1. Keeping all protein chains in the complex and leaving out DNA, RNA and ligands, what accessible area do you get for Phe183 with a 1.4 Å probe, in Å² to the nearest 10?
2. Under a 5 Å amide H to amide H cut-off, with H placed in plane at 1.01 Å, what residues pair with Ser83 once short-range neighbours are removed?
3. Specify the angular offset, from 0 to 90 degrees and rounded to the nearest 10, of the alpha carbon long axis of helix 90-101 from the longest principal axis of the alpha carbons in the chain.
4. Which is farthest toward the positive dipole end of the chain among Phe471, Val257, Gln152, measuring Cα position about the Cα centre, with Cβ charges +1 (Lys, Arg) and -1 (Asp, Glu)?
5. For segment 229-234, just list the computed ³J(HN,Hα) in residue order, Karplus coefficients 6.51, -1.76 and 1.60, θ = phi - 60°, integers in Hz, with x standing in for Gly and Pro.
6. Please find the FRET efficiency linking Ala341 to Phe183, where r is the Cβ-Cβ separation and R0 is fixed at 30 Å, and quote it to the nearest 0.05.
7. Subtract the Cα-Cα distance of Ala448 and Thr418 from 0.36 nm times their separation in residues, and report this length gain in nm to one decimal.
8. Of the options Ser220, Gly613, Met299, report the single residue whose Cα projects farthest towards the positive end of the charge dipole of the chain (beta-carbon charges: Lys, Arg +1; Asp, Glu -1).
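The values are calculated or read from the model by the stated rules, or taken from the named source; none is laboratory data. These figures come from a predicted structure and were not determined experimentally. Positions of Cβ are backbone-derived with ideal geometry, glycine not excepted, and every protein chain shown enters the neighbour counts. Accessible surface areas use protein heavy atoms only, side chains included; no ligands, DNA or RNA. Shrake-Rupley method; radii C 1.70, N 1.55, O 1.52, S 1.80 Å.
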Amino acid sequence: MIVGTAGHIDHGKTALVKALTGVDADRLKEEKARGITIDLGYAYSDLGDGRQLGFVDVPGHERFVHNMLAGATGIDAALLVVSAAEGIKPQTVEHLQIVDLLGLDRGIVALTKADLADDDQILERMAEIETLLDATSLKGAEIIPVSALNGQGIDELKAKLLALGESGKGATGYARLAVDRCFVLSGTGVVVTGTVHAGEIKVDDRLLLTPSGLEARVRSLHAQNRPAQVGRAGERCALNLTGPRLNKEAIRRGDWVVSTELHVPTDRPDVRLKLLASEGQPLKHWSPVHVHLGSAHVMGRVALLQDSNLAAGASGLAQLVLDEKVGALAGDRIILRDPSATRTIAGATVIDPFGPPRNRRSERRLAELGALGNVDTAVLPKLLRLESGFIETTRFGQSRNLRPAEVDRLLREAGGETLEGYGFLAETLAAARLDIVDTLKAFHQSKADAPGLQPERLRVTLKKRWPAPVFRALLDREVRAKAVMVDGPFLHLPGHSLTLTPRDEALWKKISADLVRERFKPPRVRDFAQTYGAPEPETRKLLQRLARLGRVIEVAPDQYFLRPVVAEMVSIAHAFGRDFSAAEFRDKLDNGRKVAILILEFFDRHGVTVRRGDLRRVVPQKLEQYGPAPKA
Ligand SMILES: Nc1nc2c(ncn2[C@@H]2O[C@H](COP(=O)(O)OP(=O)(O)OP(=O)(O)O)[C@@H](O)[C@H]2O)c(=O)[nH]1
Ligand SMILES: [Mg+2]
């Protein structure tokens, strides 16, 4: 378990850690010279029975609060240090605010330098501290008088810290470690240290650095200061990393080492923000702030989503617009400090790491954030009932560090199902099916002669307007279930067939055979009429009707081609891969100059080809205008 110290400068944090572990966590030359802690220090004590206490020792100096913040991330419990000689001081309050804003509710207060105070003073200090804790997450925490000088209370404190036990946070999910140091060990290479916030990291794992995206392989690792094969959530680890572009300069404090699934840097987390009551003044929209998340520290602005001001002591929704990308997941705690970095002003919890750049204050988005602000088991039932009606399962899992199986389980518990990467409530799927079927039915009723609707027309005609890829998934489901049939480019209901009279049917059978046989140079209406002894107007009407059904296309007046043949000709033209002449096209089709030119002029009119002088080329977007090209 990892305990983080907190408290005002000179109140005896480092001395206490040394009394508890025997290790002096002040390792920098400058720290020794000035007698203060500047950067984070680490110390471990093995209790011999397999149990171990790990400490992150932080500086109390007001100028190094940013370092304290990098250390406070990922700890299991707080050890708030208050000098019995001095009592509560500014950084006692600020560090406690930070502990509170990080949501750390496990901790103990050490009343240090007890050797310098008498019993009455100690009781008085304890009463003051109790009052101070009352409004925080450490309310009711034990206060233990100790002395690093004469050893008073040290064993009791150690026992009480051990009794707190590990928090067990982040045991499931993919791996993420917040980097707080990076250095090169000669003979070993690049080493990063930090706390594993979730999942586990094993030797040989291939991971990524967020936000840079650099690849890294774990060559070896230490967990809690001992060589190990695996480092788990809650443990401090040192990873020896290798990778093609890895070096000390490419990694810095604030980066995350993550499983590839979790590499999704963001610069716009949407959060619930709480302004400290001690601020007095309201926070204005677009205020500049220092943002601390994990071990990262970046600048950004607060975009308030509900009002133009947030009152002191109040909480509200906001988007943090950051100057740089960071790794952030839903539930991560963020500390905000004022622009001159002299005080902590607010805390925030990430609701959605991927806030939208536009329409972030729309009613729809606020409703979504309202649903996303719930814990995992409650979020999906709310989210899936929103107007949008679906979730993207990968994004959802990523933003909350849930494995796909876990997302599926939550979805089923919420009465939902997955469909091609989207999640819906079963009732939403049923309603979508009804909508699709009803819309097609209404269309067939109004246009009995038409073959059906093209997908995009169907999408925009539905009662509920789905985004195109979601609609595609919903439609494919109906096609698989045979609730909707596909005929070339058209969709229709299974019962809908176009009936020709027996006489027309017989004529069409002969004509279509000719259209297949002479597919690139089909006979014209008059030729069919003569060959088959049918009146010309009747033959023309039949072909017009079949054209409305999408079976044939009138490429030139009275000259019809089968639709798949037109698709084939488009792909033949496209296969040139360059500008081509009418003569080249004719040679491919072997159908004579006149017909070839009629076809190309038809393509020109419909935007399938663009013409430059005597040459043409196919517009790639129009390749499937007449349906998929038949396989060669
Ligand atoms: N008498 C007495 N002095 C102590 C005790 N603990 C620490 N000190 C002294 O207090 C001074 C500050 O102790 P540190 O442990 O460096 O204080 P700190 O809280 O780590 O200070 P920063 O890290 O700079 O915030 C040192 O001179 C210590 O010797 C104690 O229990 N009794
Ligand atoms: Mg210190």
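1. Rounded to the nearest 10, the figure is 60 Å².
2. The list, which skips near neighbours in sequence, is Thr112.
3. Result, in degrees: 40.
4. It is Phe471.
5. 8, 9, x, 10, 3, x
6. Numbers: r = 25 Å, r/R0 = 0.84.
Given R0 = 30 Å and the Cβ-Cβ separation, E is 0.75.
7. Values: separation 30, 0.36 × 30 = 10.80 nm, distance 3.53 nm.
Length gained between Ala448 and Thr418: 7.3 nm.
8. The Cα lying farthest towards the positive end belongs to Gly613.
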